[in-house]
Amino acid sequence: MLKNDTRRGLTLLVHLPAHVTRNINFVLNDLKQLEPSQYYYAADTIYITVMDIRRAVPELCLSEEELVNYQQVLRETVNNVGTINWHLAGLVCSPGAILVKGFYFSELQQLCNALRKDFSKMG
């Protein structure tokens, strides 16, 4: 059961601009008419997962210093990467979720590679 799930992790997310989220919700509202028992994310919880920084494990507990270090690396690394372009088109449907299909450009891979390198330096 999910309510007994004690796993915790650290993930870098990007929230979508309001007009993109609104357009996704137009489609989801139409789908709700066809499949009302499907779970649908609320508009304010729609996001893109950029990368998992720390995989989810039971009872993960990070110190204040570790969190500050992660934030510092994220801030510095993200500021050194250019604009990341996305192309969202289509849906992927499974029994547990409806996902927006997305395509990204090379800047995202550059960001992830830089983050891995910078986190590695951090230890």
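The values are calculated or read from the model by the stated rules, or taken from the named source; none is laboratory data. The structure presented is a predicted model; accordingly, all values stated were derived computationally and were not measured. With ideal geometry, Cβ positions are generated from the backbone for all residues, glycine too; neighbour counts draw on all protein chains shown. Ligands, DNA and RNA are stripped out before the accessible areas are found, and what is left, the full protein with its side chains, is counted by its heavy atoms. Shrake-Rupley method; radii C 1.70, N 1.55, O 1.52, S 1.80 Å.
Being of a type in the set (A, V, I, L, M) and under 29 Å from Lys3 (Cα atoms): is that true of Ala43 here?
yes
Look at Ser37 and say whether it is loosely packed, with under 10 Cβ neighbours inside 10 Å, modelled with pLDDT of 90 or more and over 20 Å from the mean Cα position of the chain (by Cα).
Criteria not met by Ser37.
Of the conditions (1) surrounded by 11 or more Cβ atoms within 10 Å (Cβ to Cβ); (2) in contact with a helix residue (DSSP H, G or I) (Cβ under 8 Å, 6 or more places away or on another chain); (3) not aliphatic (A, V, I, L, M), Asn113 satisfies every one except a single condition; which number is it?
(2)
Pairs needed: first member in the range 1-29, surrounded by 14 or more Cβ atoms within 10 Å (Cβ to Cβ); second member anywhere, in a helix (DSSP H, G or I); C-beta distance under 6 Å; at least 6 residues apart or different chains.
Partner pairs satisfying both residue conditions: Thr21/Ala43; Asn25/Ala43.
Out of the range 45-101, which residues are open to solvent by 60 Å² or more (accessible area, probe 1.4 Å) and β-branched (Val, Ile, Thr)?
Thr49, Val68, Val78, Thr83, Val92, listed by residue number.
Within the range 57-72, is even one residue touching an Asp or Glu at 6+ places or on another chain (Cβ under 8 Å) and of a type in the set (Val, Ile, Thr)?
There is no residue in the range 57-72 that is touching an Asp or Glu at 6+ places or on another chain (Cβ under 8 Å) and of a type in the set (Val, Ile, Thr).
For the structure I just gave you, tell me whether Ser63 is closer than 23 Å to Tyr41 by Cα, free of Cβ contacts under 8 Å to residues at least 12 places away in the same chain and of a type in the set (S, T, N, Q).
Against the criterion (closer than 23 Å to Tyr41 by Cα, free of Cβ contacts under 8 Å to residues at least 12 places away in the same chain and of a type in the set (S, T, N, Q)), Ser63 does not qualify.
Restricting to the range 93-116, what's the tally of residues that are among the small types (Gly, Ala, Ser) and under 14 Å from the mean Cα position of the chain (by Cα)?
Count: 1.
Any chance you could count how many residues in the range 67-89 are over 18 Å from the mean Cα position of the chain (by Cα) and more than 26 Å from Arg8 (Cβ to Cβ)?
3
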